[in-house]
Structure formats: structure tokens, C-alpha cells
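Have a look at the structure below, then the notes.
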Amino acid sequence: MATWMKTMPPALAVAAAMLAAPGSAWPQTTPFDRLPAEQFDATPPSALVDGAPGRMSVRSRDCRDLPTGETRRRIVDIAVQEWGFFGFYVIDQTAPSTRTRRARGRRWWWRPANAAEGVRIAPTIGGYWAATPRGSWMIDRQNGRWNGPGGLTSRWRDPWSAAFISWVMCEGGLGSPERFQRAIAHHVYVDQAIRARDASSSPAAFLAYDIGDAAVEPGDLLCSSRRSSYASIAQRRRNLGVGARMHCDVVVGLEPDRERILTIGGNVRGTVGLKLMPAALRNGRLAPTRRLFAHLKLRADPIGDDALSASPTLQALEAAPGVRLPAAVADLIPSPARATGPGN
């Protein structure tokens, strides 16, 4: 048994043992290990924390600071690797919705957890939080929940999508707060990008635009406002610094022929998920047609619409014929010979 499991509270150790039990993985996903450093040099988020669930703490908040020219592709590649680690979850938003009224109101991050999967991903999500200034507080809150009656079946008590974006930028090379203001809430760095658009001398890495006003490229961020609070940058500008519920995803690919934009975000139905987002040409540019209010454009040279398929993770999948994937994922890999899993 691993050393960290020996230090785990007894109730949690029982659940952790399920990792070796048959059928313990979530059936809808196929997790893919992060690549070795010789294939892709990225420090895993788990390196930022110490301890088992229930006794977890922040070890480090170190971030990379790289030249702007290296950040766009790296941001995409890191997001894609995390998507694979969580199991290639895909949400097709281009298809007509079949969800019921009850399902539309469900808080996906509270759904019942698979305890074994909870053990596997806990240090990763803890690492996302560790990249934020208030990470220690957020992890302490979760330790209390893990040590409560629910044990490892208690999922993260707080939505972690902003923490995911913060860690991606931390590891992606935007280490200094002046370039990207990491936070536990999306509105902090969205506001930074709005201020940067208004002040040409700002060193911030992202500039905020209304949807359709700038070309969307892999490495950019697309943001929505929960409960339709904001429909434009101008509306948000009147409330800079005021807390607001938002969600942002990293653009990882554009498919003009299929009229869709591909994005990856954290805490998407409780996982790191890829969205197939409907899009259409607007002013000669491919723009999302879903209700979004902000496009945060990275101030770096473009890398090509096929950034997802060119990522080290998907290239490694193409060279791993033994890995069986859901059809929606296999469809994103260049090779037409990719095998798909049962039931897809």
C-alpha cells in the first residue's frame, strides 16, 4: 500500500482500497495517464499538495513564467492532458437538448461520487486550488467534508472551474499575477482582462472582447455568466470587482466545416470535460452561438485551428491502438482507424 494511504483516516482508507476493485472506474470514461516528461514537460497539479484526502495541504504555489510566444500552445496542451486524465468526457452542445427540466436544474458537482475515483483525482483538484491565493482555505474546507459522515463519497464542496483555469495558466507560463490573476472565482481574471483592454499599458496576457468582435483562437477563453447576469463586456464593466457567478473554458480547437468550437473546462458536470460548442460565421469569423458574454483573447501569435489534434496527448493516443475510446473522442483523433469502446 502506498505511503499516503497509510496516513489516511481509517474510513477513507477503506474507500481507497476500492481503487484495486473490479468495476470501480466510471463506466462512461477511459482515463489516460499523463505523458512522461520526455513527451510533454508539465508538472502535474498533484505536485502542489501534500497528504491524503482529509489531511491535504498546500505544498507549493510555484508557477512557470514563460515568454508569451510559448504560452498559447502550452495552455492548450496542458488542458488537453488534464481532459485525458479525467477520462475524455465530451458534452455535445450542438445536438438538440434532451435533458428534462429536473436535469437542467441539477448541480452536477454534487452528484454521488465513485469513492475510488474520488481518491484518484483528489490530489489533482487539490493542486488546482493550490495555484490560487486562497487555495489553503479551500482545501481546508474540503478536508472537513472528507472527514465527515460522507467520507470520500463527499465531492468537492465548492465549484472548482476557476481553480482549474488558474492552474492551467500557472503551469502554462503565465505565472505572475500581473499577467494572469489566478483566483477561486472567474470574475477576478475576467475583470483583469476588461481593465487591460481599457489600459493599453497593462501587462495582462488576456484582453476582453464581446463575442464576435475578435477572432477566436485556441488558447483563448470563452466565458458565460450564470443566470444571465451579463450579456456584454459593457454590462460587466459597470460592476468591476463585484462578485459574480461565471464559467470560462479554454478554446482548444476550431472546426469551421462542422460549425463548432471545441473547449475544455474544469468542473464541467463534475469533471474536466470537452464541449462541442455550436458556432457560426460572424463578420467573417467563427463565433460561438450559445449564450456567452466574454471572449478573453490571449496576446500571443495563433497556432492553428487543429491545436487539439496536434496536442501531445492526442498524438500519443493515435500511437496507442490498445486504448478504446468513446466514439465522440475517437472522432477527434486524426487516424480514421481508431477503435471505439463498447456501446458507443
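The values are calculated or read from the model by the stated rules, or taken from the named source; none is laboratory data. Quantities reported herein were computed from a predicted structural model and do not represent experimental measurements. Heads up, the Cβs are rebuilt from the backbone with ideal geometry, glycines too, and the neighbour counts pull from every protein chain shown.
Taking only pairs six or more apart or across chains, which ones have beta-carbon atoms under 6 Å, a first residue in segment 147-171 that is under 18 Å from P45 (Cβ atoms) and in contact (Cβ under 8 Å) with a residue 12 or more places away in the chain, and a second residue that is aromatic (F, W, Y) and not in a helix (DSSP H, G or I)?
Hits for this filter: M169/F180.
Say we look at segment 63-75 and pick out the residues that are in a loop (DSSP other than H, G, I, E, B) and more than 20 Å from the chain's Cα centre (by Cα); which of these is surrounded by the fewest Cβ atoms within 10 Å (Cβ to Cβ)?
Top of the filtered list is P67.
Among the residues of segment 300-328, how many are modelled with pLDDT of 80 or more and of a type in the set (V, I, T)?
Looking only at that region, the number is 2.
Just wondering, is there one or more residues in segment 233-251 that are over 15 Å from I75 (Cα atoms) and polar (S, T, N, Q)?
Looking for residues that are over 15 Å from I75 (Cα atoms) and polar (S, T, N, Q), one finds at least one in segment 233-251, hence yes.
Tell me, please, whether a residue that is out of contact with any helix residue (DSSP H, G or I) (no Cβ under 8 Å at 6 or more places or on another chain), surrounded by fewer than 19 Cβ atoms within 10 Å (Cβ to Cβ) and modelled with pLDDT of 95 or more can be found in segment 290-299.
Within segment 290-299, not a single residue is out of contact with any helix residue (DSSP H, G or I) (no Cβ under 8 Å at 6 or more places or on another chain), surrounded by fewer than 19 Cβ atoms within 10 Å (Cβ to Cβ) and modelled with pLDDT of 95 or more.
Which one is nearest to the chain's Cα centre (by Cα), of the residues in segment 41-62 that are farther than 16 Å from M169 by Cα and hydrophobic (A, V, I, L, M, F, W, C)?
Taking the candidates together, the pick is V49.
From the list A205, A193, pick out the single residue that is among the hydrophobic types (A, V, I, L, M, F, W, C), modelled with pLDDT of 95 or more and within 14 Å of C248 (Cα to Cα).
The conditions single out A193.
Among (1) in contact with a Ser or Thr (Cβ under 9 Å, 6 or more places away or on another chain); (2) within 30 Å of A122 (Cα to Cα), where does I261 come up short?
(1)
What number of residues in segment 77-110 are part of a helix (DSSP H, G or I), surrounded by 10 or more Cβ atoms within 10 Å (Cβ to Cβ) and either at pLDDT below 50 or touching a His at 6+ places or on another chain (Cβ under 6 Å) (or both)?
Residues flagged as part of a helix (DSSP H, G or I), surrounded by 10 or more Cβ atoms within 10 Å (Cβ to Cβ) and either at pLDDT below 50 or touching a His at 6+ places or on another chain (Cβ under 6 Å) (or both) within segment 77-110 amount to 4.
Any residue that is out of contact with any Ser or Thr (no Cβ under 6 Å at 6 or more places or on another chain) and on the phi > 0 side of the Ramachandran plot - is there at least one of those in segment 144-154?
Scanning segment 144-154 turns up at least one residue that is out of contact with any Ser or Thr (no Cβ under 6 Å at 6 or more places or on another chain) and on the phi > 0 side of the Ramachandran plot.
Based on this model, can you work out whether R226 counts as surrounded by fewer than 21 Cβ atoms within 10 Å (Cβ to Cβ) and either of a type in the set (S, T, N, Q) or under 19 Å from the mean Cα position of the chain (by Cα) (or both)?
So R226 fits the description; yes.
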